[in-house]
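Engineer: Below is one structure. I have some questions about it.
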Amino acid sequence: MNKIKILKLKNFPILKQLQLEEALYRTPNTGNWIILNEGTPEPIVIVGVSGKADKLVNLKQTKERNIQTMRRFSGGGTVVADENTIFSSILLEFNSFKQFYPHMKSFYPKDIMKWSAEHFYNKVFIPHQDFSLQEHDYAFGERKFGGNAQSFCKEKFLHHTSFLWDFKDDNMMSCLKQPEKIPEYRQNRDHLSFLCKLKDRYHTKDQVFNNFIQTINNIPSLHSIEEVSLKDAESFLQNNHFKANQIYNYNLNVWENIKNDYNNI
Amino acid sequence: MLSRLNLSRVILANKSLFFNGVSRNYCTRYTDDHEWVKLEGNQGTLGITNFAQKQLGDIVFVELPNIRKHEAGEPICVIESVKAASDVFSPFEINVTEGNMELTQEPELVNSEPYASWIIKFTTNDTDGFKKLLTLAEYEKLIGEKEDTSN
């Protein structure tokens, strides 16, 4: 029970990663997983489960740039991801989590969000003393570098994050609209004014990944870590489960089920 | 002031409600997943409790369920609060007959009126499953506080 499987990926399509995560999330008794992915090969816009594409995405410009838009199964906001986005996904069963963190008495979304900043990512981003959770996003000072999304079911929770190692300014500005409900810390600033890049704080991505691994190793009462292969994760795709990840059809202006090898398994 | 005749009629009406037992009684029970369930005969409604909406925070989206049979414990729909999608579970075997379309436009009603804002309507033959759910007193013991059911 007190074991975590780690899957390390590099330049793996985030659309497929989210399909894997949904299979792991919706299948009972998968154990605990952490997935780290260094980039996605093609730029892609990702909205949350409630995402209304026309309100969040400049669909015309995104289509013209040949950038896909997908809707993921978890809650949260909209991101533009590319080869310079670092993805980290934590999928823990509540039974294990309670053993790792026995001092925690409450396990609702706000509690897990708080835990992620105060007991996990504060250690990943040591020694940056200005690291904090600002209205559900990770920031250095007043500039955000990591966006979170979570999902909760009976047995487990998923907390996944996209970190901005770097980003293409014009993709960000062109693809995303200002959200209707703007977080207070954003103060009506455009995207470039309230974001920052991890590459301005770290020399290499390896430094960040090493910090991740060290933090995972230091999870209290953790018995073991097992590094697993992509095939190990893909085996869960065979289990019959509800599939909420979808891709946007720009011509028909509708969300559609994903048609790829992962949906034929 | 009720006449003796009218009073008798009221008493008789209440007696018929009472003596018809479950088939005429609204009854609310609770799950340990923080849902309230009301059942009248074999027809029911389900929503989330006031405690649940407080824990979730601002609700921004309610995804309505498929109109079909759901097994006990099966996720039936999703509620999204800020940054988190949370499953709502079937309390026992139910046939979902309707989702509350109003919540697709005004999901915040689940915060302001959790008991008035039913999420699904259903039918069921599993009244035993319903009887196994928590009473209000048992639910309040679970959450460690008084549950405000007024809205």
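The values are calculated or read from the model by the stated rules, or taken from the named source; none is laboratory data. What you are looking at is a predicted structure, and each value in this text was computed from that prediction instead of being measured. For neighbour counting, all protein chains shown are included, and Cβ atoms are generated from backbone atoms with ideal geometry for every residue, glycine included. The accessibility values were calculated without ligands, DNA or RNA, using every heavy atom of the protein model including side chains. Shrake-Rupley method; radii C 1.70, N 1.55, O 1.52, S 1.80 Å.
Engineer: Of these, A:35, A:14, A:67, which one is more than 14 Å from chain B (Cβ to nearest Cβ), over 13 Å from residue A:158 (Cα atoms) and in contact with a helix residue (DSSP H, G or I) (Cβ under 7 Å, 6 or more places away or on another chain)?
Structural biologist: A:67
Residue by residue, here is whether (1) aliphatic (A, V, I, L, M); (2) within 14 Å of chain B (Cβ to nearest Cβ); (3) within 19 Å of residue A:71 (Cβ to Cβ) holds:
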{"residue": "A:234", "(1), (2), (3)": "no, no, no"}
{"residue": "A:240", "(1), (2), (3)": "no, yes, no"}
{"residue": "A:245", "(1), (2), (3)": "no, yes, yes"}
{"residue": "A:248", "(1), (2), (3)": "no, no, yes"}
{"residue": "A:253", "(1), (2), (3)": "no, no, yes"}
{"residue": "A:256", "(1), (2), (3)": "no, no, yes"}
{"residue": "A:259", "(1), (2), (3)": "no, no, yes"}
{"residue": "A:262", "(1), (2), (3)": "no, no, yes"}
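Engineer: Just give me the residues in region A:245-265 being closer than 13 Å to residue A:16 by Cα and not polar (S, T, N, Q), in sequence order.
Structural biologist: A:247, A:258, A:259, A:261, A:262, A:265
Engineer: In region A:238-247, how many are of a type outside the set (Gly, Ala, Ser) and under 19 Å from the mean Cα position of the chain (by Cα)?
Structural biologist: Count: 4.
Engineer: I've got another one for you. So which residues in region B:134-151 are open to solvent by 70 Å² or more (accessible area, probe 1.4 Å) and either over 15 Å from residue B:34 (Cα atoms) or of a type in the set (Ser, Thr, Tyr) (or both), if there are any at all?
Structural biologist: B:150, B:151
Engineer: Considering only residues that are surrounded by 16 or more Cβ atoms within 10 Å (Cβ to Cβ) and in contact with a Ser or Thr (Cβ under 8 Å, 6 or more places away or on another chain), which ones fall in region B:120-133?
Structural biologist: Correct list: B:120, B:121, B:122, B:130, B:133.
Engineer: Let me ask another. Given the options B:44, B:57, name the one that is under 13 Å from the mean Cα position of the chain (by Cα) and of a type in the set (Gly, Ala, Ser).
Structural biologist: B:44
Engineer: What about residue A:88, is it part of a strand (DSSP E or B), among the small types (Gly, Ala, Ser) and either open to solvent by 10 Å² or more (accessible area, probe 1.4 Å) or modelled with pLDDT of 95 or more (or both)?
Structural biologist: The answer is yes for residue A:88.
Engineer: Return a yes/no flag: does region A:199-221 have any residue that is touching a Lys or Arg at 6+ places or on another chain (Cβ under 6 Å), surrounded by fewer than 11 Cβ atoms within 10 Å (Cβ to Cβ), over 21 Å from residue A:28 (Cβ atoms) and away from chain B (no Cβ under 14 Å).
Structural biologist: no
Engineer: Tell me which strands (runs of 3 or more DSSP E) are completely within region B:41-151 and hold 1 or more residues being among the acidic types (Asp, Glu) and closer than 20 Å to residue A:151 by Cβ, or say none if there are none.
Structural biologist: Ranges flagged: B:59-63, B:75-81, B:84-89.
Engineer: If you go through region B:55-85 one residue at a time, how many are more than 9 Å from chain A (Cβ to nearest Cβ) and either touching a helix residue (DSSP H, G or I) at 6+ places or on another chain (Cβ under 6 Å) or open to solvent by 30 Å² or more (accessible area, probe 1.4 Å) (or both)?
Structural biologist: 9
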